[in-house]
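> Here you go, one structure.
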Amino acid sequence: MTTTDVADHEPARLTIALAQIEVEPAAVAGNRERALEAIAAAAERGADLVALPELFSVGYFAFEEYERAAEPLEGETLSALQTAATEHDVAVLAGTIVEDLAATETAPTPADEGLANTAVLFDASGERRLVFRKHHLFGYDSSESELLVPGERLETADVGGFTVGVTTCYDLRFPELFRRYVDAGVDLFLVPSAWPYPRVDHWETLSRARAIENQSYVATINGSGQFPDADATLLGRSTVYDPWGVTLASSGDDPSLVTADLEPERVERIRDDFPALTDRRE
């Protein structure tokens, strides 16, 4: 577990924007352009941190396109988002992309070859501060577990007074992963996702539970769009939960930009007032 510092100062609050963009199957160039437009719009609204959905460039359910769309960490998509972070002076969580592990040269990889579902956090100067590869690969009615290599490393980054950790979609169902992060000091979870209908109740309940049990902010960033070949529709509903599990901001299933102000002191205050984490027993 490694931690890096994204901000030189710690503001009293962090403005986060969840970019619930339209994800068109296999339309990498178009999806990337929509992501860049969302980053610009979020920065215009005063966001300090912008987060994108899971596999926003190719679309989660476009399994047959994964290999064609795969890029290294130094590839075109992440380079474009890195530049956008610098141009707009905003930290960017590059949702996830399909990473070509064999072609990546500037970060440790879980295998010498193969593909991974990978999120990258850039700070406002464009420096890469965190890499997370999805740990739990979905097998039910999905090709993900057959096509991808699971991640192994957990990294954190300090952003505007918060210690940030990233998980991805299906990882929400595994609370032990979140506990490992909490033990490393995480108090803000970013969860890029491609969660489909009909599992709306699971999406909302699991996300809220992770916030309550870890007394942390949880921001779930879902996409919007349909995948006719897979008979799947993303349910949207990107949401920011506070450490009590209260919804601070949320969306429907259409493309939208969800914004909320987060207070680092609120996490500390809640954990002091209701010290459940200190009562844990192994």
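The values are calculated or read from the model by the stated rules, or taken from the named source; none is laboratory data. Everything numeric here is computed off the predicted structure, so don't read it as measured data. Here the Cβ is made from the backbone with ideal geometry for all residues, glycine too, and neighbour counts use every protein chain on show. Surface areas here come from the heavy atoms of the whole protein model, side chains and all, with no ligands, DNA or RNA. Shrake-Rupley method; radii C 1.70, N 1.55, O 1.52, S 1.80 Å.
> Would you mind checking which residues have amide H under 5 Å from residue 148's amide H? H placed 1.01 Å from N; only 5 or more apart, or other chain.
When sequence neighbours closer than 5 places are left aside, there are no close amide H contacts.
> Classify region 1-147 from the C-alpha gyration tensor, please: rounded if a/c falls under 1.5, else prolate or oblate depending on whether a/b exceeds b/c.
prolate
> Per-residue ellipticity at 222 nm for the chain, helices alone: DSSP H runs ≥ 4 residues times -39500 (n - 2.57), over residue total, nearest 500 deg cm²/dmol?
-7500 deg cm²/dmol
> Sticking with this structure for a sec: Checking the a/c ratio against 1.5 first, then a/b against b/c, what shape does the Cα gyration tensor give for region 103-154?
Since a/c reaches 1.5 and a/b is larger than b/c, the shape of region 103-154 is classed as prolate.
> Follow-up. Which one, 94, 147, 185, is farthest towards the positive end of the dipole of region 80-218 when Lys and Arg carry +1 and Asp and Glu -1 on their Cβ?
Of 94, 147, 185, it is 185.
> Still on this structure, I have one more. Give a quick list of chymotrypsin sites (Phe, Trp or Tyr not before Pro) in region 72-165 that DSSP marks as loop, anything other than H, G, I, E or B, with at most 10 other Cβ atoms within 10 Å.
For chymotrypsin sites (Phe, Trp or Tyr not before Pro) across region 72-165 that sit outside H, G, I, E and B with at most 10 neighbouring Cβ atoms in 10 Å, the list reads 140.
> Loop only per DSSP, at most 15 neighbouring Cβ atoms within 10 Å: give me the GluC sites (Glu not before Pro) in region 152-203, ordered by residue number.
Hits after loop and neighbour filter: 152.
> What residues have an amide H closer than 5 Å to that of residue 133, excluding those fewer than 5 places away on the same chain, when H is modeled at 1.01 Å from N in the peptide plane?
119, 152, 153
> Using a 1.4 angstrom probe on heavy atoms only, work out the carbon and sulfur share of the accessible area of region 1-159 in %.
Heavy-atom surface of region 1-159 belonging to carbon and sulfur, 1.4 Å probe: 43 percent.
> Follow-up. Rounded, prolate or oblate: which one fits the chain, using the alpha carbon gyration tensor with axes a ≥ b ≥ c (rounded when a/c is under 1.5, else prolate when a/b beats b/c, else oblate)?
rounded
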